[in-house]
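Presented below is the structure to which this report refers.
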Amino acid sequence: MQPGATAPDVYAPGPLGELTQIIDPELVDAVLEDTGAREQRLRLLPARGVVYFVLAFAFFERSSYRAVWDKLTAGLGAVPVACPCASSLSRARRRVGSAPLRRLFKVLAGPVADRGQSCAFYRGWRLVAVDGTTLSAPDEEAVTWYYRKHIGKVRTFGHQLVRLVAIVECGTRAVLDAAFGPDHTGELAYARRLLGSLDTSMLLLADAYHDAFDFVQAVADTGAGFLLRSTRKRRPTLRHALPDGSYLTTIISREHRAGRGYERLEVRVVEAWITVTLADGTRRTE
């Protein structure tokens, strides 16, 4: 894959032919150049190919290195390609490193919906949502030093997990930003790292875990609106009733800060009962 080659010469239509349509090879080359990860000499596994190889794992996460490479190159037909062993692919990943992938993500991440896509907007607000999940990490020494198992009084237990938190655009599922790390760090800590991707045009949706005062205040400081499901522990006091049945209240920080006291934030409360009907007819109201 040399700079003069066209994408169809290397990634002809096949199982992953869309990758080069979504992520332009020239962009990959620019990112590699910018991060100093471009190869200095001709290789059977050039850096551009390694980037696409790593991206392919998002589609075939349960496949082996060789299986992913075979799927990636399956549509090339008569075009000669390398047939690397797993260890060669592993060394190529280490050689390229994470910097190009991180930069590529920063370039591509962001909202994509236009105003004509009503699924992504509500009364002029661009709808975005934050949520988290956990992923299993391999039980290998190269991983467990950082992603540790849970430790009890007598022994370690469970699987080491990666906590992943992302802000996505509703309707398109385009990722605005993401953070990940050991699951010993809570979801809110990762979520706060992502708030720089919010702006005044957005309305952030989040589940009950995100209604902590410090997080809500941090969201408000970005200028974005927010709609959060509150926990049952909150007992808001009605301060001012609004014509539509909602009302204004004030939430207060738990910590007293020198020179500032207990911080306060005025929010609007919308009380609602939601009934969920399952396929078997079971109904649950909450």
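The values are calculated or read from the model by the stated rules, or taken from the named source; none is laboratory data. Since the model is a prediction, treat every value here as computed from it, not as a measurement. Cβ coordinates were reconstructed from backbone atoms using ideal geometry, including for glycine residues, and neighbour counts include every protein chain displayed.
Out of all the residues in the stretch 80-91, which are over 25 Å from the mean Cα position of the chain (by Cα) and assigned to a helix (DSSP H, G or I)? Selection gives Ala86, Ser87, Ser88, Leu89, Arg91.
Within the stretch 258-286, the only residue that satisfies the criterion of being within 19 Å of Asp221 (Cα to Cα), of a type in the set (D, E, K, R) and over 33 Å from the mean Cα position of the chain (by Cα) is Arg260.
Among the residues examined, Ala191 does not qualify as at pLDDT below 90, among the aliphatic types (A, V, I, L, M) and either closer than 28 Å to Arg254 by Cβ or out of contact with any Cys (no Cβ under 6 Å at 6 or more places or on another chain) (or both). Screening the candidates Arg103, Arg94 for the property of being exposed (fewer than 13 other Cβ atoms within 10 Å of the Cβ) and either outside any loop (DSSP other than H, G, I, E, B) or in the same structural domain as Arg173 (by TED's automatic domain parsing) (or both) yields one hit, Arg94. Remark: pairs (first residue in the stretch 200-213, under 19 Å from Thr250 (Cα atoms); second residue charged (D, E, K, R) and surrounded by fewer than 17 Cβ atoms within 10 Å (Cβ to Cβ); Cβ separation under 6 Å; 6+ apart in sequence or on different chains) = Ala208/Arg229.
Restricting Glu187, Glu141 to residues that are over 17 Å from the mean Cα position of the chain (by Cα) and on the phi < 0 side of the Ramachandran plot narrows the list to Glu141.
The requirement of being among the aliphatic types (A, V, I, L, M), within 28 Å of Ser64 (Cβ to Cβ) and buried (at least 17 other Cβ atoms within 10 Å of the Cβ) is fulfilled nowhere in the stretch 139-158; no residue meets it.
Residues of the stretch 44-60 that are aromatic (Phe, Trp, Tyr) and modelled with pLDDT of 90 or more: Tyr52, Phe53.
A single member of Leu127, Leu164, Leu203 is at pLDDT 95 or above, in contact with a Cys (Cβ under 6 Å, 6 or more places away or on another chain) and of a type outside the set (Val, Ile, Thr), and it is Leu127. Taking (1) surrounded by 13 or more Cβ atoms within 10 Å (Cβ to Cβ); (2) modelled with pLDDT under 90; (3) among the polar types (S, T, N, Q) in turn, Ser63 satisfies each apart from (2). Of Glu26, Glu18, all but one fail to be modelled with pLDDT of 80 or more, of a type in the set (Asp, Glu) and either over 17 Å from Arg94 (Cβ atoms) or in contact with a helix residue (DSSP H, G or I) (Cβ under 9 Å, 6 or more places away or on another chain) (or both); the exception is Glu26. The set of residues in the stretch 28-77 being free of Cβ contacts under 8 Å to residues at least 24 places away in the same chain and of a type in the set (S, T, N, Q) consists of Gln40, Ser63, Ser64.
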